[in-house]
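The values are calculated or read from the model by the stated rules, or taken from the named source; none is laboratory data. None of the values given here were measured: they were computed from a predicted structure. A quick note on method: Cβ atoms are made from the backbone with ideal geometry, for glycine too, and the neighbour counts reach across all protein chains shown. Surface areas here come from the heavy atoms of the whole protein model, side chains and all, with no ligands, DNA or RNA. Shrake-Rupley method; radii C 1.70, N 1.55, O 1.52, S 1.80 Å.
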Amino acid sequence: MSILKKRTSADGFLPEKEFIALFALMMSLTALSMDSMLPAFPNIATSLGIEDYQKTQWIVSAMIFGMMFGEIIFGPLSDAIGRKKCILIGIGIYIGGSVIALSASSIEVFLLGRVIQGFGVSGPKIASRALVRDLYKGAAMARIMSFVMMVFILVPLLAPSIGQLVMQVADWRWIFALLVFQASVAGGWLLLRQPETLTKENRIPLNRKRLIADVRIILSRRDVMAFTVLLGCIFGGLMLHISTAQSIFQDVYQTGDRFPLYFALLAIGSSVINFSNGKIVQRVGMLRCVIAALSVLLAASFVLLLSTLYFDGVPPFVLFMGLGMIMFSCFGMVFGNVNAMAMEPLGKIAGLGASVISSLSSFIAIVFSTLVGQFYHFTVTPLASGFVIFSIMALVMLRYGNRYRQRSGENVDVG
């Protein structure tokens, strides 16, 4: 049962539609910060003297690296000082990192700004999930997260086009100015409209011994850890795609200025499925949705891998796009549901739980995507191989996590 359905804006709580819009705007900062950079990779490389293309992957990895540490901090901080303050602090740090990247004259300073960006964006990313957990449970939480994630995933439809549009009228640095504007709007909206959801009596003061004890509780939950590895595998695939997308589309397939259009087409299916998931999950349950999505992802990835082997690493563009749309349509059904499944048993330590889950999954994603990304050399084979491996691992983790809950008498919601 949702608290938001019991209370209205007159009671100090946002109407549901405004709530979804606000938190989608905040959580989309992460995707926009990564995807709007893609058309600017060549310009950034030229401006900052990057000669090796492999190093452009650091533009994405540096931000995820910062997120990994930020997610460790902001989870327990949101449990101690409240969700709203935590989000605002994170937005402030994010804006600072954006300004550093915007004004950078060397790759070292630029990457420092990206790390700070990632650290700061963890505030709204983690505390927002905990705030949703404060108000929603079970399938209702999965439903709200699906609508929020729909907008979150819709951002890649527009982000590369936004980045390319900015570069047509200004320098790549103005992309960061746009990010500062979005963060400022989201922070002001939250400050003025969204009340705090974690009451003072339910807050957990920062205490090293208690923090360690709570972390041990989370790490001891084999189901939570299994779902965390699952998220890391799928996020790793997404990172691999983002890191190589600009080169695959423009260098391998020679799409030129049409790159943002084709990149957006891959995300359309994900957005549609994510929107449908908000309705489907309450009928068939989270587990069945995730099983179906991962199965389709594995099948499509395997077909793509076979086609790369047959066509010497570069399958026909139509085939690549068709299979890619099927693969990425599965993301929308995985992320929202698995996040809800992992968070479900964590209760009052939801902030710390979101922190541990996101930090570990980000670390796994960085390791996996970086390892596979090193094999990229202007063919689609590493991308297809990575998705096959990640999909198999994800299905294994889903099976393991569900079996653990069955043995402990806490079955995953299946409708």
> Which numbered condition trips up Ile212, out of (1) in contact (Cβ under 8 Å) with a residue 40 or more places away in the chain; (2) assigned by the TED database to the domain that holds Ser301; (3) open to solvent by 10 Å² or more (accessible area, probe 1.4 Å)?
Replying inline: (1)
>> Being of a type in the set (Asp, Glu), in the same structural domain as Arg403 (by the TED database), open to solvent by less than 10 Å² (accessible area, probe 1.4 Å) and closer than 18 Å to Leu360 by Cβ is the requirement here; does Asp223 meet it?
In response: yes
> If you go through the range 247-260 one residue at a time, how many are open to solvent by 10 Å² or more (accessible area, probe 1.4 Å) and of a type outside the set (Lys, Arg)?
Replying inline: 7
> Just one of Ser408, Ser391 is at pLDDT 90 or above and of a type in the set (Ser, Thr, Tyr); which is it?
Replying inline: Ser391
> Does the range 393-408 hold any residues that are of a type in the set (Lys, Arg) and open to solvent by 60 Å² or more (accessible area, probe 1.4 Å), and which are they?
Replying inline: Arg399, Arg403, Arg407
>> Can you report the number of residues in the range 116-152 which are among the small types (Gly, Ala, Ser) and at pLDDT 80 or above?
In response: 6
>> So in the range 350-387, with the set limited to residues that are hydrophobic (A, V, I, L, M, F, W, C) and in a loop (DSSP other than H, G, I, E, B), which one is modelled with the highest pLDDT?
In response: Val380
> Any idea which of Met341, Met321, Met333 is more than 25 Å from Pro76 (Cβ to Cβ) and surrounded by 17 or more Cβ atoms within 10 Å (Cβ to Cβ)?
Replying inline: Met333
> Is it true that Phe390 is open to solvent by less than 20 Å² (accessible area, probe 1.4 Å), touching a helix residue (DSSP H, G or I) at 6+ places or on another chain (Cβ under 7 Å) and over 28 Å from Leu131 (Cα atoms)?
Replying inline: yes
> Taking the range 166-182 only, how many residues are under 16 Å from Gln246 (Cβ atoms) and over 23 Å from the mean Cα position of the chain (by Cα)?
Replying inline: 3
> Does Gly236 fit the bill of being more than 22 Å from Ala104 (Cα to Cα) and free of Cβ contacts under 8 Å to residues at least 12 places away in the same chain?
Replying inline: no
>> If I go through the range 286-318 residue by residue, how many of them are open to solvent by 60 Å² or more (accessible area, probe 1.4 Å) and assigned to a helix (DSSP H, G or I)?
In response: 9
> Which residue pairs have Cβ atoms closer than 6 Å, lie 6 or more positions apart in sequence or on different chains, and pair a first residue in the range 299-328 that is in the same structural domain as Leu383 (by the TED database) and closer than 18 Å to Thr255 by Cβ with a second residue that is among the aromatic types (Phe, Trp, Tyr) and part of a loop (DSSP other than H, G, I, E, B)?
Replying inline: Phe317/Tyr253
> Could we say that Leu112 is within 11 Å of Ile126 (Cα to Cα), out of contact with any Phe, Trp or Tyr (no Cβ under 9 Å at 6 or more places or on another chain) and open to solvent by 10 Å² or more (accessible area, probe 1.4 Å) here?
Replying inline: no
>> I'm checking my understanding of the structure. Among residues of the range 353-364 that are open to solvent by 10 Å² or more (accessible area, probe 1.4 Å) and aliphatic (A, V, I, L, M), which one is nearest to Ser220 (Cα to Cα)?
In response: Val356
>> Taking the criterion of being within 19 Å of the chain's Cα centre (by Cα), at pLDDT below 90, assigned to a helix (DSSP H, G or I) and within 27 Å of Ser369 (Cα to Cα), would at least one residue in the range 78-97 satisfy it?
In response: no
> How many of the residues making up the range 359-379 are among the β-branched types (Val, Ile, Thr) and touching a Gly at 6+ places or on another chain (Cβ under 6 Å)?
Replying inline: 3
>> Tell me the residue from Gly236, Gly188 that is crowded, with 21+ Cβ neighbours inside 10 Å and either of a type outside the set (A, V, I, L, M) or farther than 30 Å from Val380 by Cβ (or both), please.
In response: Gly236
> Gly347 fails exactly one of the following numbered conditions: (1) without any contact (Cβ under 8 Å) to a residue 12 or more places away in the chain; (2) open to solvent by less than 40 Å² (accessible area, probe 1.4 Å); (3) outside any helix (DSSP H, G or I). What is the number of that condition?
Replying inline: (3)
